[in-house]
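Structure first, commentary second.
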């Protein structure tokens, strides 16, 4: 996982702008979570459910006000991976993912973690944390 200003997937590759940061703010700014999954050969040919959760320093969901009321910041999706031709049987399959978000109204001076889950499991390296700067004194 990598935090970036923006990311996209094209031709099976991740394209990342402003990547590798861990401090932002204090004003809300767009952000992206870039991921590269290694899907085992025997897990191809079926759907995989993934989830991305934003948590505070205490491991609680980060909540934001929405037109539907207060909601946790969570993103979910499905992905299906085929077995590419010409790849040796047993080779893990690279799956790049990019999740772009608009400016999030996070309080300055906080610590946050994106937690990634796939098929109900938390893979190794499935967390990435960042800090929002405290407000600038005038």
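Values quoted throughout were computed directly from the atomic coordinates according to the rules given, and no laboratory measurement underlies them. What you are looking at is a predicted structure, and each value in this text was computed from that prediction instead of being measured. Quick reminder, even Gly has a Cβ in these numbers, built from the backbone with ideal geometry, and neighbours come from all protein chains shown.
Filter the range 104-138 down to the residues that are assigned to a loop (DSSP other than H, G, I, E, B), touching a strand residue (DSSP E or B) at 6+ places or on another chain (Cβ under 8 Å) and on the phi < 0 side of the Ramachandran plot and list them by number. Correct list: 104, 105, 106, 107, 108, 110, 122, 123, 126, 133. Looking across the range 12-48, the residues that are within 19 Å of residue 117 (Cβ to Cβ) and over 14 Å from the mean Cα position of the chain (by Cα) come down to 38, 39, 40, 43, 46, 47, 48. Do you know which residues across the range 59-83 are outside any strand (DSSP E or B), surrounded by fewer than 11 Cβ atoms within 10 Å (Cβ to Cβ) and over 19 Å from the mean Cα position of the chain (by Cα)? If the condition is that a residue be outside any strand (DSSP E or B), surrounded by fewer than 11 Cβ atoms within 10 Å (Cβ to Cβ) and over 19 Å from the mean Cα position of the chain (by Cα), then 67, 68, 82 are the ones that fit.
Among the residues of the range 112-126, those that are surrounded by 15 or more Cβ atoms within 10 Å (Cβ to Cβ) and farther than 12 Å from residue 51 by Cα comprise 112, 113.
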